[in-house]
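Every number in this text was worked out from the coordinates using simple rules, so none of it is lab data. Quick caveat, the model's predicted, so the values are computed rather than measured. Here the Cβ is made from the backbone with ideal geometry for all residues, glycine too, and neighbour counts use every protein chain on show.
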Amino acid sequence: MKLSVDEYSNYIPNQGTKSTIVSYEQFSKIWMMLPEHVRIRNAELIYSAHTEGFNLQSLYNICSEYKYDYKFSLLLIQTKKNQIFGAFIDDVIRLHIRGYLGSQDCFVFTVQPNVRVFYETGQNMRYLLGEMTYFQIGGEGDGPAIWVNERLERGHSNKSATFGNEILTLGQRHIDDTFDIHNLEVFIL
C-alpha cells in the first residue's frame, strides 16, 4: 500500500528510540514538532552521556562522523531534577570555528514537566555554536536558550531572542536557569 504525502507527514518511527530520557509517547510528541520533510526519516541514537561519557570532545567526535551523511540532530537533556528539554538542529552538533550553524528550521522545546515548543523568531541566526569549551543553542536576548559546559555536567537556559523562549528549566519559583545534567542524548535524523 502506498502512503500519501499527508500520511508520510504523520509518520512516527516504530522502532524503539533506545532513549533512556524519554518514553515512546514523549518521543512521539517531539517527533510531531519536527518539520514535515524531516518526519519521514528514522532516528538513530548516536550519543548518550551515560554510555559515551560526559565529555564535549567525545560528543563532537562522534557527531562529526555524520556531518556529511546527515543534516539533522535532535538533542535531549535530562536534568538531575528530572526536567527534560532539548533542541532540533538542522545540522550535526559539532565544533565549528566559523560561527553559528543551522537555519530557521531549528527550535527548542521542553518535554517535562510541560510540553512546549519555541520556533525561531527571525530576530537573528544564532542557532548552534560549537566551541571548544561549550556549545550553545540560541543567543541574544538574555543569552542562549541552552548552554552546556565542556564536561557536559552543567548548563543554563536563558530567554533567547533566537527562539523567543521562556527559560527551559523554570522551577516552581520561575528563577531556576542553571541545571545539572543527569543525561544528554543526541539522535541523528
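General observations
- Segment 43-188, dipole about Cα centre (Lys/Arg Cβ +1, Asp/Glu Cβ -1), debye to the nearest 20: 220 debye
- The helix-based estimate of mean residue ellipticity at 222 nm for the chain, built from -39,500 (n - 2.57) per DSSP H run of four or more residues and divided by its residue count, is -3500 deg cm²/dmol to the nearest 500.
- For residue 141, nonlocal amide neighbours, meaning residues 5 or more places apart or on other chains whose placed amide H falls under 5 Å from its own, are 161.
- Extension gain, residue 28 back to residue 50 (0.36 nm per residue minus Cα-Cα distance, nm): 5.7 nm
- Backbone N within segment 70-92 under 14 Å of label point (7 Å from residue 103 Cα along the Cβ vector): 71-73, 89-92
- The stretch between residue 153 and residue 131, if pulled fully straight at 0.36 nm per residue, gains 6.3 nm over its current Cα-Cα span.
- Close amide H contacts of residue 183 (hydrogens built in the peptide plane, cut-off under 5 Å, sequence separation of 5 or more or a different chain): 78.
- By average C-beta atoms within 10 angstrom, highest first, the peptides 153-161, 122-130, 96-104: 153-161, 122-130, 96-104
- Here the Karplus relation 6.51 cos²θ - 1.76 cosθ + 1.60, evaluated at θ = phi - 60°, turns the backbone of segment 96-106 into coupling constants of 8, 7, 9, x, 7, 10, x, 8, 5, 7, 5 Hz, with x for every Gly and Pro.
- For segment 72-78, backbone phi angles converted through the Karplus equation (6.51, -1.76, 1.60; θ = phi - 60°) give residue-by-residue couplings of 9, 10, 10, 9, 10, 10, 10 Hz, Gly and Pro being listed as x.
- The Rg/Rh ratio of segment 54-147, with Rg taken over Cα atoms and Rh as the Kirkwood radius over Cα pairs, comes to 0.95.
- Table column - 3J(HN,Hα) (Hz), segment 30-41, Karplus curve with 6.51, -1.76, 1.60, x for Gly and Pro: 4, 4, 6, 7, 5, x, 4, 5, 9, 5, 7, 8
- Cβ-based charge dipole, the chain, positive-most Cα from 183, 72, 161: 183
- On full extension, the segment bounded by residue 180 and residue 114 gains 21.9 nm, given 0.36 nm per residue less the C-alpha separation.
- Note on the chain: Rg/Rh from C-alpha atoms, Kirkwood Rh, equals 0.94.
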